[in-house]
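The values are calculated or read from the model by the stated rules, or taken from the named source; none is laboratory data. Since the model is a prediction, treat every value here as computed from it, not as a measurement. We place every Cβ from the backbone using ideal geometry, glycine too, and count neighbours over all the protein chains shown. These area figures cover heavy atoms from the full protein model, side chains too; ligands, DNA and RNA do not enter into them. Shrake-Rupley method; radii C 1.70, N 1.55, O 1.52, S 1.80 Å.
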Amino acid sequence: MVEQLDLEDFAWQLAADVYRLNLYGLLTGRSTPRGLAVTDEQLAGAIRDSFKQVHETAYKEMVKLATDAALEAYDRIVSRNIKQSRTRRAN
């Protein structure tokens, strides 16, 4: 049970990171700035700047794309772990 809770926390954290990275990239047209993570300040700045350049429909589409990517990352992590767990039990 502990492994399952740790996996779920890890999967949600990774999904949140994927969301932030994707949204930042979509809003700025750039990949992540100097690293693998986007700070709160960087994401807030990208959102603030995008309000000046992007209309509401495009912004909503960017949020949807970032959300879809995050949920897909979560699903892949959980699905892979379930498959590995079943394989281990079968052996």
inquiry  = Between residue 44 and residue 8, what's the calculated FRET efficiency when r is the beta-carbon distance and R0 is 22 Å? Round to 0.05.
reply    = 0.20
inquiry  = Output wanted: per-residue J couplings in Hz (rounded whole) for the range 24-29, from phi through Karplus 6.51 cos²θ - 1.76 cosθ + 1.60, θ = phi - 60°, x for Gly and Pro.
reply    = 4, x, 5, 6, 9, x
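Looking only at trypsin sites (Lys or Arg not before Pro) in DSSP loops with at most 13 other Cβ atoms within 10 Å, what is the longest site-free stretch of the chain? Present the calculation step by step, with values, prior to reporting the outcome.
Values: sites that count: 30, 34.
Of all site-free stretches, the longest is 35-91.
When only Cα pairs under 8 Å and 6 or more residues apart are kept, what is the percent relative contact order across the chain? Please report the intermediate quantities before stating the final value.
Numbers: 61 pairs, mean separation 37.0, N = 91.
So the answer I get is 41 percent.
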query = For the range 12-90, which whole-number percentage of the solvent-accessible area (1.4 Å probe, protein heavy atoms only) is attributable to carbon and sulfur atoms?
reply = 54 percent
note = What the 10 Å binned alpha carbon P(r) of the chain shows, as percent of pairs per bin from 0, is 16, 39, 25, 14, 6, 1
